[in-house]
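Visitor: Quick one: the structure is below, questions incoming.
The values are calculated or read from the model by the stated rules, or taken from the named source; none is laboratory data. What you see is a predicted model, and the numbers here were worked out from it, not measured in a lab. Cβ placement follows ideal geometry from the backbone for every residue including glycine, while neighbour counts extend to all protein chains displayed.
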């Protein structure tokens, strides 16, 4: 009797094991399917981003045929200042926008959109007040016409809502809408810039006018799309965004400390023509940075999904994140080598007046490759809201960069380019150490929270 019962038990357990394995395989295959869908969408988002950035790069090459290196220098100065003002107006809120979506869902989107809207109004007003009171002084300091400085406001404000709208499409996985909006923006900007620069003979200013018109149009459309998420002012959530964004102001000021002040240092020691040559070489190197930023747009979302999803175990999260990081590192290296090999012989042939810029290009390419590596690690710190660490490292390294540039640029612009590599290498090493430490610490804490026995047990 006992043997018969034992046999039945074994048979039951065998059937249960087969059934369990069957359902496990189904779940596993479904997960693979979901991952493949996610990969496909991520690839499309990256493709659209590359198309947009590719059009910008192609535009800069075309415009180089119609403007002299000196004008290219002024365009470089304006672009740098516009970048800094844009960071100030946006207050790094675009990063928080994505984090809020995965942490707080629709409520987070609504509250963050509301806070971002009112903050952008306030900061634009501050910039306008500065130009009203110190307009002439700002023009002399930045070596740019005052009428051009006023154009910084619409560019910064509407660029914010263009990007937020694109982020919303990415977060909601609306690939088609993202493609139409982003590519439409890039194509319109491309065509209008050529018309104003080449046919209207407006020079480097024509490029700025095209940006104002384009970003105002698409930014206004983005604002209309986001208006349903904008409610009454909420100080509590606005305070959260400020606490997130204020530490990143020095981090974002890095762009000005490096590329902005470096351009002014070059202008002081050499000429505006040399600024144009340096800006051209940097724009070529930024192709590699563009590839990194394009992949990171998708990679950051995938990382946030993995870190915020309790379905994955701690070991699975580590494995997925490590695998993704290694793959992208190889992609960035191959991309950097291809860009350098292609551009070095071709640019002097098609743009001979910018041939003197090419010796700077390989050195700056190393710098942009280090930057791409840096992006892989900042995603962890952004997710865990450890923005102060980024601020301390990048700002401190940038001060170091500025002092080195101030000292060495007078001797050679080659040394200026080398300073970029050194400072970004230091940033990469430090960010990598802190980000991995923060990642593993939080994953360990999460694991303990979900595996520790309850008081009832």
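Residues are listed down the side, and each one gets a yes or a no for (1) outside the structural domain of residue 305 (by TED's automatic domain parsing); (2) more than 20 Å from the chain's Cα centre (by Cα); (3) without any contact (Cβ under 8 Å) to a residue 12 or more places away in the chain:
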{"residue": "154", "(1), (2), (3)": "yes, yes, no"}
{"residue": "162", "(1), (2), (3)": "yes, no, no"}
{"residue": "168", "(1), (2), (3)": "yes, no, no"}
{"residue": "175", "(1), (2), (3)": "yes, no, no"}
{"residue": "182", "(1), (2), (3)": "yes, no, no"}
{"residue": "196", "(1), (2), (3)": "yes, yes, no"}
{"residue": "201", "(1), (2), (3)": "yes, yes, yes"}
{"residue": "205", "(1), (2), (3)": "yes, yes, no"}
{"residue": "213", "(1), (2), (3)": "yes, yes, no"}
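Visitor: Pick from 98, 120, 138: which is at pLDDT below 85 and either over 18 Å from the mean Cα position of the chain (by Cα) or crowded, with 20+ Cβ neighbours inside 10 Å (or both)?
Guide: Details: 120 fails: at pLDDT below 85; 138 fails: at pLDDT below 85.
Sole residue among the options that is at pLDDT below 85 and either over 18 Å from the mean Cα position of the chain (by Cα) or crowded, with 20+ Cβ neighbours inside 10 Å (or both): 98.
Visitor: With the condition kept exactly as written, say whether any residue in region 305-321 is part of a helix (DSSP H, G or I), in the same structural domain as residue 438 (by TED's automatic domain parsing), without any contact (Cβ under 8 Å) to a residue 40 or more places away in the chain and within 22 Å of the chain's Cα centre (by Cα). So that I can check it myself, show each step before the final result.
Guide: Of the residues in region 305-321, the ones part of a helix (DSSP H, G or I) are 305-308, 314-321.
Narrowing the set further to residues that are in the same structural domain as residue 438 (by TED's automatic domain parsing) leaves 305-308, 314-321.
Subsequent filtering for residues that are without any contact (Cβ under 8 Å) to a residue 40 or more places away in the chain retains 306, 315-316, 319-320.
Adding the requirement that they be within 22 Å of the chain's Cα centre (by Cα) leaves 306, 320.
For region 305-321, residues part of a helix (DSSP H, G or I), in the same structural domain as residue 438 (by TED's automatic domain parsing), without any contact (Cβ under 8 Å) to a residue 40 or more places away in the chain and within 22 Å of the chain's Cα centre (by Cα): present.
Visitor: Same structure, new question: Which residues, taken from region 337-370, are crowded, with 20+ Cβ neighbours inside 10 Å and touching a residue at least 60 places away in the same chain (Cβ under 8 Å)?
Guide: Result: 347, 354, 357, 360, 361, 364, 365, 367, 368, 369.
Visitor: Residue 286 - would you say it is under 21 Å from residue 436 (Cα atoms), touching a residue at least 24 places away in the same chain (Cβ under 8 Å) and in a helix (DSSP H, G or I)?
Guide: In short, no.
Visitor: Just to be sure before I move on: is residue 369 assigned by TED's automatic domain parsing to the domain that holds residue 323, farther than 19 Å from residue 275 by Cβ, modelled with pLDDT under 85 and part of a helix (DSSP H, G or I) in the structure I sent?
Guide: Numbers: assigned by TED's automatic domain parsing to the domain that holds residue 323: yes; farther than 19 Å from residue 275 by Cβ: yes; modelled with pLDDT under 85: no; part of a helix (DSSP H, G or I): yes.
Here the answer is no, as residue 369 does not meet what is asked.
Visitor: Hey, does region 399-417 have a residue that's within 16 Å of residue 288 (Cα to Cα), in contact with a helix residue (DSSP H, G or I) (Cβ under 7 Å, 6 or more places away or on another chain) and buried (at least 22 other Cβ atoms within 10 Å of the Cβ)?
Guide: So far as region 399-417 goes, yes, one or more of its residues are within 16 Å of residue 288 (Cα to Cα), in contact with a helix residue (DSSP H, G or I) (Cβ under 7 Å, 6 or more places away or on another chain) and buried (at least 22 other Cβ atoms within 10 Å of the Cβ).
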